[in-house]
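Structure first, commentary second.
Bear in mind these aren't lab numbers, they're just calculated from the coordinates by the rules spelled out. Model, not experiment: these values are computed from the prediction. Positions of Cβ are generated from backbone atoms using ideal geometry, with glycine treated the same way; all protein chains shown enter the neighbour counts.
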Amino acid sequence: MEKTIVTLSGKDTVGIIAKVCTFFAENGINILDISQTTGDGRIDMMMVVDTSGFKGRFKDLVDGLDRVGEDVGCTIKAQHEAIFDMMHRI
Amino acid sequence: MITLSEVLETNNMIQHENLDVRTITLGINLMDCMTDDLDRLNENIYSKITRLAKDLVSVGEEISLEYGIPIVNKRISVTPIGIVGSPACRSPEDFVTIAKTLDRAAAKVGVNFIGGYSALVMKDMTSSDRMLMESIPEALAETENVCSSISVGSTRAGINMDAVRMMGDIIIRTAEATRDRDSIGCAKLVVFCNPADDNPFMAGAFHGVVEGDAVINVGVSGPGVVKTAVEKVKGENFEVLCETIKRTAFKVTRIGQLVGHEAARRLGIPFGILDLSLAPTPAVGDSIADILQGMGLERVGAPGTTAALAILNDQVKKGGVMASSYVGGLSGAFIPVSEDRSMAEAAEIGALTLEKLEAMTCVCSVGLDMIAVPGSTSAATISGIIADEMAIGMVNQKTTAVRLIPVIGKEAGDHAEFGGLLGSAPIMPVNTYRCDGFVDRGGRIPAPIHSFKN
């Protein structure tokens with residue numbers, strides 16, 4: 001399993017999660033966990049996904065999420081889970 | 001499982017507090033390039049560097065993309081050229097050809113600095129070391145990416161005052177050779193006491209003779225992260241302040257540990273050390289001075305500054321050491337004036353003086369760094385300032401360094417622009433009482449009594 005953390009932030013509108021999930025489904029990426037906070041019309045969301053079924057390079061994932069982000073008007077980032085594990089877990 | 005708030009905390013540090021990995025530095029041993037044929041030596045050096053470092057920049061960019069952490073610089077350090085060039089070089093001009101080769105190799109692989117145009121002359125100089133030192137003004141004027149460091153003292157050897165005196169002249173000549181660019185050659189020239197063999201930071205990085213064939217050393221940074229953390233505990237006591245810095249330093253350092261190991265694995269080169277140094281940049285908020293001011297000083301340079309810096313340096317080490325398997329290099333806090341916007345501002349208004357900076361170097365790494373002084377400063381005075389700083393390093397068993405820039409044609413109160421990460425700075429006044437009678441004595445200052453531990 002290759003765990004990747006995907007974060008999304010921006011203006012909260014209808015259908016954001018649906019579009020992101022569709023992108024994952026089309027690219028063989030399995031969602032393991034979703035958490036989010038909303039308020040003042042904004043959304044911060046985090047998804048833990050398994051990218052071991054994704055056929056492209058990591059850059060392709062980043063570029064693909066950039067396109068989805070542009071479509072839904074949010075910033076979407078993908079990062080290997082290890083950076084968060086290293087910083088927050090001993 | 002990682003929580004949303006932890007993810008947001010990390011990304012906030014990266015996006016808003018300038019958290020980054022300052023440098024991945026590839027150390028390369030050039031001993032096996034040595035030959036008495038100068039052309040052949042240059043060919044060997046070029047081919048070895050371009051072979052070993054060909055993937056350094058792309059691997060750095062890959063890691064940066066995958067983990068979402070900026071890796072600002074990819075750099076190279078090499079075996080001190082004073083040693084490497086010794087069989088082949090018969091003149092300072094011969095050494096300049098090696099500087100140009102290093103510059104070409106750096107440009108080919110896409111790194112922005114290559115360090116190691118260096119000599120280790122803590123006790124005495126070989127004829128080769130002397131020629132390399134003589135070549136520095138021309139070498140730094142005719143190259144873009146080459147950095148030079150000369151180590152003139154150590155706790156074990158004492159201070160080579162002949163080399164100190166010589167470096168006063170060489171710094172002035174380097175300033176003159178690059179006078180059309182605010183004497184920027186001197187920004188690439190460091191004089192050391194107790195140098196570190198595994199320092200990844202420029203301009204002082206070189207691949208020490210105790211190192212292996214190749215090594216990855218990483219310099220992490222994050223003054224902005226520490227500053228934000230310190231501002232959150234305003235008015236709290238020193239225990240709270242120290243704990244806050246320590247915890248923050250731990251988090252920042254873990255990122256460097258991850259990147260260092262990942263770079264080493266992908267390049268197939270052993271991981272050496274993580275340098276914990278907090279290194280500022282001219283970007284707003286990426287400042288050591290801001291941290292000290294966040295602790296309660298109106299301006300850096302005010303009474304209390306040395307104590308505040310001592311706290312910062314110590315807590316960064318305490319937090320950082322636990323976060324990394326191997327810590328080395330300089331590991332402390334840097335106080336370069338031109339590279340730290342708030343430090344330069346404090347110097348501009350007279351809150352921060354050269355003498356206060358000297359005091360601050362007793363409690364942090366590294367030394368008098370990126371300080372612009374009047375172009376009319378005499379070589380003997382530069383040597384006197386170097387001697388003082390080397391004495392602090394020698395007696396306190398720590399690294400100290402001097403990177404002064406006598407800006408030719410400018411005087412105290414004027415301004416020097418170096419550009420990019422090197423920043424800009426006011427020309428700081430220098431004590432003009434003479435020290436020629438002291439620095440001209442020649443010879444060596446003996447090692448201090450506490451160096452005799454055997």
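Note that segment B:99-112 has calculated 3J(HN,Hα) couplings of 4, 5, 5, 4, 4, 5, 5, 4, 5, 4, 8, x, 8, 9 Hz, one per residue in order, obtained from phi through the Karplus relation 6.51 cos²θ - 1.76 cosθ + 1.60 (θ = phi - 60°); glycine and proline are x.
What list do you get for B:T228, B:T353, B:T381 if you sort them by fewest beta carbons within 10 Å? Can you show the working numbers first?
Working: B:T228 21, B:T353 15, B:T381 24.
With the sparsest Cβ surroundings first, the list reads B:T353, B:T228, B:T381.
Exposure proxy for B:T244, B:T174: other Cβ atoms within 10 Å of each Cβ, ordered fewest to most, give B:T244, B:T174.
Could you give the dipole magnitude of chain B about its Cα centre, charging the beta-carbon of Lys and Arg +1 and that of Asp and Glu -1, in debye to the nearest 20?
About 780 debye.
The distance separating the Cα centre of segment B:385-451 from that of segment B:257-320 comes to 23 Å.
Would you please put A:1-7, B:207-213 in order of how densely packed they are, using the mean number of other Cβ atoms within 10 angstrom per residue and starting with the highest? Walk me through the numbers on the way to the answer.
On the way: A:1-7: 18.6, B:207-213: 16.3.
Descending packing order for the listed peptides: A:1-7, B:207-213.
Placing R0 at 22 angstrom, the Cβ-Cβ distance between B:M322 and B:V210 gives a FRET efficiency of 0.30 after rounding to 0.05. Residues B:R341, B:R40, B:R75, B:R173, arranged from fewest to most other Cβ atoms within 10 angstrom of their Cβ, appear as B:R40, B:R173, B:R341, B:R75.
For the peptide B:138-145, the mean number of other protein chain Cβ atoms found within 10 angstrom of a residue's Cβ is 0. Between B:T3 and B:A310, residue separation times 0.36 nm minus the direct Cα-Cα distance comes to 107.1 nm. Using θ = phi - 60° in the Karplus curve 6.51 cos²θ - 1.76 cosθ + 1.60, the 3J(HN,Hα) couplings for segment B:199-207 round to 5, x, 8, 9, 8, x, 6, 8, 8 Hz; x is entered for Gly and Pro. Pairs of alpha-carbon atoms within less than 8 angstrom and 6+ residues apart define the contacts here; what relative contact order does chain B have, in percent? Relative contact order, chain B: 17 percent.
Between the alpha-carbon centers of segment B:45-74 and segment B:196-222, tell me the distance in whole angstrom. Value for the Cα centre distance between the two parts: 15 Å. Applying the Karplus relation 6.51 cos²θ - 1.76 cosθ + 1.60 with θ = phi - 60° to segment B:126-134 yields 3J(HN,Hα) values of 7, 5, 5, 4, 5, 5, 4, 4, 5 Hz, where x marks Gly and Pro. Backbone amide hydrogens, once placed in the peptide plane, bring B:S424 within less than 5 Å of B:F418, excluding anything fewer than 5 places away on its chain. Computed on chain A, with alpha-carbon pairs under 8 angstrom and 6+ residues apart, the relative contact order is 41 percent. Close amide H partners of B:V366, meaning residues 5 or more places away or on another chain with modelled amide H under 5 Å apart, are B:I335.
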